[in-house]
Structures are given as structure tokens and as C-alpha cells.
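Everything on this sheet refers to the single structure shown next.
The values are calculated or read from the model by the stated rules, or taken from the named source; none is laboratory data. Predicted model only: the values in this text are computed from it and were never measured. For neighbour counting, all protein chains shown are included, and Cβ atoms are generated from backbone atoms with ideal geometry for every residue, glycine included.
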Amino acid sequence: MSLDLLIKNGTVVDGSGLPRFRADVGVESGRIVEIGRVRAPADRTFDADGLIVAPGFIDGHTHMDAQVNWDPLGSCSCWHGVTSVVMGNCGFALAPCKPEDREWFARCLTAVEDIPTEAMMSGIEWTWESFPEYLATVERLPKALNYGMYIGHSALRMYVMGRRGLEERANEDDLRAMAHAVEEAVRAGAMGFSTSRATTHVTPDGSPVASRIADWEEIDRLVGALAALDAGIFQIGPDISGGEAQRAFLERLRRVALENGRPIMFGVLATRQGVDPNPWNYQTRYMDDVVAAGGRMFGQATTRSINAVFSLKSYLPFDVLPGWQALRKLPLDEQKCRLADPEMRRRLVAEEAQMKPRDSVLQGGGAATTDPRKPNYANLYPMLGVDWDDPSIADLARQSGKHPVEIIIDLCLEDDNRVFVQPIVNESPADVLGILKHPRTLATFSDSGAHVCQEMGSSLQTHLLSYWVRNKQQFTLEEAIRMLTFDNASAWELPDRGLVRTGYAADLVVFDEQRIKPCLPTVEQDLPGGARRLVQKADGIAATIVNGTVAVENGEATGDFAGCGLKSRLAQH
């Protein structure tokens, strides 16, 4: 037998959490067919001596629903060892959608994706109406990753109710139509149903997205459609606007879990924002209590803070001020010339005093960049490296005797690719570690594809391996790989992924455990129509292999796309 691909001399960390071992891995027809000392010839042999061979990483919380239409590579996830993603989270999706409502849907997505509506409309060849038709479109598209997807509540509500979906309670006909669409979607392959109660999820005019207009009885009805099929996951964006609001949200979610029995996923988040916020371990104790009572729950976790991201090439905290607004309309080189002028700097620094004061309202990455409050400079950091140890702007101002705004200007002029981060949730490394250590949380909350110039979480996997494994030694490599692979494959019921095993799909990542880490992010204009986004690559990954095909090698796309659709259990047979 001749193999398609033979990975020789690697050290296998197989995803189970068991200790590593030296072995070759043989691949044929997209599947792992041999593990051991493989002697069969192969069309291609990849020498992995000194490298780790692990299952491809699985990211269950992304928003790549639009991007998949124009980006076959699946960036930035593809650069961080990810081979499978789940999109359509938090109720945001592009299907179902009537042809006459396409631009309206795109505008509603603009607020969360931070992709201009015009770019979305030009980048998408919109050929579907129903969810099964969208799923079939994604299956046909060339793609380097495997894509699973939820049917999203906001899209579904707008499809069934039209403009009423952004204003009114659903009537019985509406509920019947939505429940039918959920059942149809899961039978076709949807991973489940998603919604959001997060107060940060708004339309471009600042009003709540459609899912937030729904009452809990509507959610009961739609999760009940999953229960009737005994299939599908219910994912929900939580309300963390304040401690009391979160406690009420979680208690109502308990009923959904216990009455329907379907697995429920939500983000477990620590925050200092909002009124009297609850600690992260309130949420993990809650999950333990619900599971003990008979429910099924998973928390989705990040591996570092979730940040609002600023830069000279995208947003700065001062863009709402009149003097800054005039400056920021100029070409980049002219902005830099003006910023170097002492009198201009003096005026810009003085204008900062006019900013809105900070308050207790929870802001996500979107509002924090487009409607910012006066910065807390002790919680604003230049990204000088990727090791989560940078000094704050307040530290640098104190050391130099300069105003914090001057520090930001100096750093922008020193490097116009400089990125600044303002942690908005999971601000403390200790909190993040506590969340990651809990047995019911999943390392899977990257948000890839959303807030494309406002947040950057696509490096979740490489940050876990470089910061928490290599630098802090809080997890063994075997533990961390299991968290990124088998744990997630199990939670989403992907029966042939997440392990290096014979018979499993040949989704693999080959990397140097001493070198793997994220690169610094940059702002690039590579969206349709030249729109901008944050891009973050990684070092230390030799190859990412999807269904037996090398998709990325040494950080470069090969142009070979073997990704497929990931489907629910009902559609797998």
C-alpha cells in the first residue's frame, strides 16, 4: 500500500492526555491509517524529527459565517493550528435570509463583525435562503478548515418576523415557524441553536439585536425543538452587565437546562465592569450545581483577556474628540507629521480632558472602540510582546514624566503598526487560569471573524501553548493539547476528530513546542474592497494538515483546500 502522506520521526501527543510517544503517522484518503514505525512508501514524506504531532485544534466559538465566503484559508485561525471551527455563535448568522433582506441582514451583522456592509455584500455570493441551502453552500466552497455551524436566533427571528423581529414578542405562528426551522436545520446538519442575551450585542443604531427582543418562553420553545430531536447544542451569549442581571440570567437558564436536557454552552467570564459583578467561580459553581441536578453544561473559556484593540491604523481611544476626528481623516503619513508637531500634540493632549468619564456600563470591544470613555491608563497596554507582561501606559507615563496621551503618540510614531490593548473581561491572569482549570470549561472562545478591527482572539491556541504551558508551566503539553482537541471534539460530538488514532480524520498540527507562540498583530487591508482588519500569525508551526492535506506549511498557505462541513449527529448517518 502506498500512503498519501507519511509524517516520520515525530513525537505524538495524541489528544487523550496520555504521555507522548515517538511514532510515524501514515495517512491515506484523508484518514489516519497507521501509527508506529511505518515502512510503507508515501507520495509525500514529512520529516517531523524534533517536532510534536498533535490533533488539529478545534475552536467552537467563531463568527466566520461571512468570511468563509471570500477567505478559503480561514485566517487567522488557520495560522494557529486550528483545523475545525464552529460558527453561527450568539445568534449571529447569514441564514435563513430572504433575498430582499440580504443587505439589511449584512447591516445588522456590521455592528458585531466590524466589517463594512459594502465589503460584506461584495465578498458574498449570496445564493441561499434557507439554512440547509447555506450549509450546502459552505460545503461547496473551497476551504482549508472544517466548518460546523449553528442556526442563529437573530437571523431566524428576522427571517420569520421581518422588521417585527427587532421590536415585538413572537406570536404562536411565529413560534411554530421558528421551531420548524430549527428542526429542519438540525436534521440538515446544524450543530444546534444559538442566541444571545448579552447587552453588548446591538444593531448599528444601538438597539438590541433580534434575539434580545425574544422572551424566555420563546427560547424554551426553540430549545424544546432540539429536545424533541434529542440532538443539538444550545449556545447562548450571557448577560454579564451586572451581578444581579447575571444571577437572574443564570437562574432562568437553569430551567432551560433541566427541562430540555440538551447541552448548554456559554462564556464563563470574569469582569471588573458592570454593577457588582460576580466572580468567575460563581459561574463554575453554578455549572456544577446544574449538572448535579441533571442538566448538561459547558463553559467556554479564553486563554487570556478579551481586549479592545487600538492602533494608529484602526481606532484610537480619542477618535470621538473634534481635534482628533479632523486629524484621523488625513492620510496616515500626514497624521504622523501632525502628531510630531509640538503645538498639535499640546492641543491633542489637552483635548483628552473632554472625554466622557468612565461609568459602570459594561462595554464590549465594539463600544469600547467606537464610543470610548476616558481611558483608565493603568488598564491600557502597548503590545510590546506577546507574553502578557507589558507595562501599562500609566507605568510608562510615570517613568517618563509625560502625559499618557503623549506616551501613546510616541509609541505610534515609533511604530505605526503598534497595537494597544484594553482588557474588557478576563482582565486578570489568575482569573483566566482558574476558569481554564475547571473541568467543565472548554478552551475555545476565540471569537474569530468577529470585531475584526476591534478585538483579536484568534491566537487562543498558540497563547495557551506558549504562555500557560511553556512560560508558566500551569499545564503539561499533554493536558493543553487535550483541552484544544479531544475535550472540544467530545463536547461538540465530533466522533472522528480530536485524537491521533487510526480511522480518525487526518486533521493534524506539527509544531515545535519550544518555539510555538503568537506573533504581534498588525492591521491589514485585506478584506473585500480593501477594508481593514487585525491579522495575527504564529511562529513555530511547521504544518497544519486538514483531512490529510497540508493546508499551511511554515506559515504559508499551500493553496490545497480539503476542508469539509461538520454536521450534527442526526445528519452524520
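The number of residues in segment 49-76 being in a helix (DSSP H, G or I) and farther than 28 Å from V223 by Cβ comes to 1. Under the condition of being farther than 26 Å from D71 by Cα and touching a residue at least 24 places away in the same chain (Cβ under 8 Å), the residues counted in segment 439-464 number 3.
When segment 428-454 is filtered for residues that are among the polar types (S, T, N, Q), part of a loop (DSSP other than H, G, I, E, B) and buried (at least 23 other Cβ atoms within 10 Å of the Cβ), the ones remaining, listed by number, are T444, S446, Q454. Out of segment 337-367, which residues are of a type in the set (D, E, K, R), surrounded by 13 or more Cβ atoms within 10 Å (Cβ to Cβ) and under 30 Å from R197 (Cβ atoms)? Scanning segment 337-367 gives a single hit, R358.
Of the helices (runs of 4 or more DSSP H) lying entirely inside segment 354-427, those containing at least 3 residues that are over 16 Å from G457 (Cβ atoms) and of a type in the set (D, E) are 404-414.
Can I435 be described as touching a residue at least 24 places away in the same chain (Cβ under 8 Å) and touching a Gly at 6+ places or on another chain (Cβ under 8 Å)? So I435 fits the description; yes.
A quick yes/no check of all residues on (1) in contact (Cβ under 8 Å) with a residue 60 or more places away in the chain; (2) more than 24 Å from D289 (Cβ to Cβ); (3) of a type in the set (D, E, K, R):
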residue	(1), (2), (3)
V202	yes, yes, no
I233	yes, no, no
I240	yes, no, no
R252	no, no, yes
A257	no, no, no
T271	yes, no, no
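Among the residues of segment 175-199, those identified as within 30 Å of E244 (Cβ to Cβ) and either surrounded by fewer than 22 Cβ atoms within 10 Å (Cβ to Cβ) or outside the structural domain of P132 (by TED's automatic domain parsing) (or both) are L175, T199. In segment 22-40, the residues that are small (G, A, S) form Cβ pairs under 6 Å with partners that are part of a loop (DSSP other than H, G, I, E, B) and at pLDDT below 95, at six or more places apart or across chains, as follows: A40/M1. Within segment 141-154, being within 19 Å of Q572 (Cβ to Cβ) and surrounded by fewer than 23 Cβ atoms within 10 Å (Cβ to Cβ) holds for no residue.
In segment 297-320, is there at least one residue being among the small types (G, A, S), surrounded by fewer than 20 Cβ atoms within 10 Å (Cβ to Cβ), not assigned by TED's automatic domain parsing to the domain that holds Y467 and not in a strand (DSSP E or B)? Yes, some residue in segment 297-320 is among the small types (G, A, S), surrounded by fewer than 20 Cβ atoms within 10 Å (Cβ to Cβ), not assigned by TED's automatic domain parsing to the domain that holds Y467 and not in a strand (DSSP E or B). For segment 388-410, filtering for residues that are closer than 12 Å to K336 by Cα and surrounded by fewer than 20 Cβ atoms within 10 Å (Cβ to Cβ) leaves 1.
Just checking, does segment 237-259 include any residue being surrounded by fewer than 19 Cβ atoms within 10 Å (Cβ to Cβ) and within 27 Å of Q572 (Cα to Cα)? Among the residues of segment 237-259, at least one is surrounded by fewer than 19 Cβ atoms within 10 Å (Cβ to Cβ) and within 27 Å of Q572 (Cα to Cα), which makes the answer yes.
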